[in-house]
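Visitor: Here it is: the structure, laid out below.
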Amino acid sequence: ARLTLSASLLAILLGMVVGVALALSNRTDWRPLTALIRLYVSFVRGTPLFIQILVVFYILPAVGLDIPRFEAGVLALSLNSGAYVSEMIRGGLSAVPAGQLSAARALGMSRLLVWRRVILPQVFVLILPPLTMEFTGLLKASSLLMVIGVVELTRTAQQIVSTTFRPTEIWLTVG
């Protein structure tokens, strides 16, 4: 359980960082960057997380990036979550009235201060429900890490069931 929670919490934190970075970078006027971000988000949201975990664990070492099992799993979960979070933030940004930015700039706030104190707090309030669902899904998806050999809660339960032959109690406890 400790490994599952730590993998999920790390993936949530890194996913938030990736999501915010993607969402803010997507607002630039430089078309190649926005096209690349849209391609990444579309690809990640369109492929199963299971495949993404396998790609991070098996393909990255083939190009010279040898990542341990746990870190590869957290990276795959984070990159997946980041794509979804960036879309949530994009939607939240479109819901904030444009007058908020104008009013803050009229008060003499710097661009960074406007984003930090005015825009982003409103966005995070708006996206809190879908963000909660994303994090819940991420916790459940952490069981997929057993496919690359991470012995987390689901894999441990599988091992216990195979030795005790008491699946009901074990799986209810895991659930």
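Visitor: Ignoring ligands and nucleic acids, what accessible area does S42 show with a 1.4 Å probe (Å², nearest 10)?
Guide: 80
Visitor: Continuing with this model, one more query. How big is the dipole moment of the chain about its Cα centre under a simple scheme where the beta carbon of each Lys and Arg is +1, that of each Asp and Glu is -1, and everything else is neutral? Debye, nearest 20, please. List each step's numbers first, then the result.
Guide: Details: 14 positive and 7 negative charges, 99 e Å.
It comes to approximately 480 debye.
Visitor: Hey, another quick one. As I understand it, the dipole of the chain uses +1 on the Cβ of Lys and Arg and -1 on the Cβ of Asp and Glu, about the Cα centre. Which of A106, A83, A62 lies farthest toward its positive end?
Guide: My answer, from the dipole projection, is A106.
Visitor: Still on this model: Please give, to one decimal in nm, the separation of the simple spin-label points placed at L54 and Q159, each 7 Å out from Cα toward the Cβ.
Guide: With each label placed 7 Å out from Cα toward Cβ, I get 2.4 nm.
Visitor: Hey, can you rank 29-37, 66-74, 80-88 by average C-beta count inside 10 Å, highest first?
Guide: 80-88, 66-74, 29-37
Visitor: For L172, L24, give the ranking by accessible area with the largest first, probe 1.4 Å.
Guide: So the residues, ranked largest to smallest area, are L172, L24.
Visitor: Heavy-atom accessible area per residue, the chain, 1.4 Å probe: how many Å²?
Guide: On the way: 10530 Å² over 175 residues.
Heavy-atom accessible area per residue stands at 60 Å².
Visitor: Apply the Karplus parameterisation 6.51 cos²θ - 1.76 cosθ + 1.60, with θ equal to phi minus 60°, to every residue of segment 101-107 and state each ³J(HN,Hα) to the nearest whole Hz, in sequence, with x for glycine and proline.
Guide: 5, 5, 5, 5, 5, 5, 7
Visitor: Considering only protein heavy atoms and a probe of 1.4 Å, how much of the accessible area of segment 40-112 is carbon and sulfur, as a whole percent?
Guide: On the way: 2670 of 4080 Å².
Here it works out to 65 percent.
Visitor: The list (1) 68, 38, 23; (2) 51, 34, 33; (3) 45, 33, 25 gives values of Cα extents along the principal axes in Å, and only one came from this structure; which label was calculated from it?
Guide: (1)
Visitor: Across the Cα atoms of segment 41-115, what radius of gyration and what greatest pairwise Cα-Cα distance (Dmax) are found, in Å?
Guide: 18.6, 53
Visitor: Can you work out ³J(HN,Hα) from phi for every residue in segment 68-83, in order, using Karplus 6.51 cos²θ - 1.76 cosθ + 1.60 and θ = phi - 60°, giving whole Hz and x for Gly and Pro?
Guide: Once rounded to whole Hz, the list reads x, 3, 4, 5, 5, x, 5, 4, 5, 4, 5, 5, 5, 4, x, 5.
Visitor: Which ³J(HN,Hα) values in Hz, rounded to whole numbers, follow from the phi angles of segment 144-150 under the Karplus curve 6.51 cos²θ - 1.76 cosθ + 1.60, where θ = phi - 60° and Gly and Pro get x?
Guide: With coefficients 6.51, -1.76 and 1.60, one gets 5, 5, 5, 5, 9, x, 7 Hz.
Visitor: May I pose another question? Over the chain, what is the relative contact order in whole percent, taking alpha-carbon pairs under 8 Å and six or more residues apart?
Guide: Working: 173 pairs, mean separation 52.8, N = 175.
Here the relative contact order equals 30 percent.
Visitor: Return one quarter of the surface area of the convex hull spanned by the alpha-carbon atoms of segment 98-144, equal to its mean projected area, in nm². List each step's numbers first, then the result.
Guide: Working: hull surface 16.5 nm².
The directionally averaged projection comes out at 4.1 nm².
Visitor: OK, next. I need the Kirkwood Rh of segment 1-84: take the reciprocal of the average 1/r across all distinct C-alpha pairs and report it in angstrom.
Guide: Numbers: mean 1/r = 0.0741 Å⁻¹.
About 13.5 Å for segment 1-84.
The values are calculated or read from the model by the stated rules, or taken from the named source; none is laboratory data. Because the structure is a prediction, the values reported are computed rather than measured. Note: ideal-geometry Cβ built from the backbone for every residue, glycine included; neighbour counts use all protein chains shown. Please note that ligands, DNA and RNA were not included when accessible areas were found on the heavy atoms of the full protein model with its side chains. Shrake-Rupley method; radii C 1.70, N 1.55, O 1.52, S 1.80 Å.
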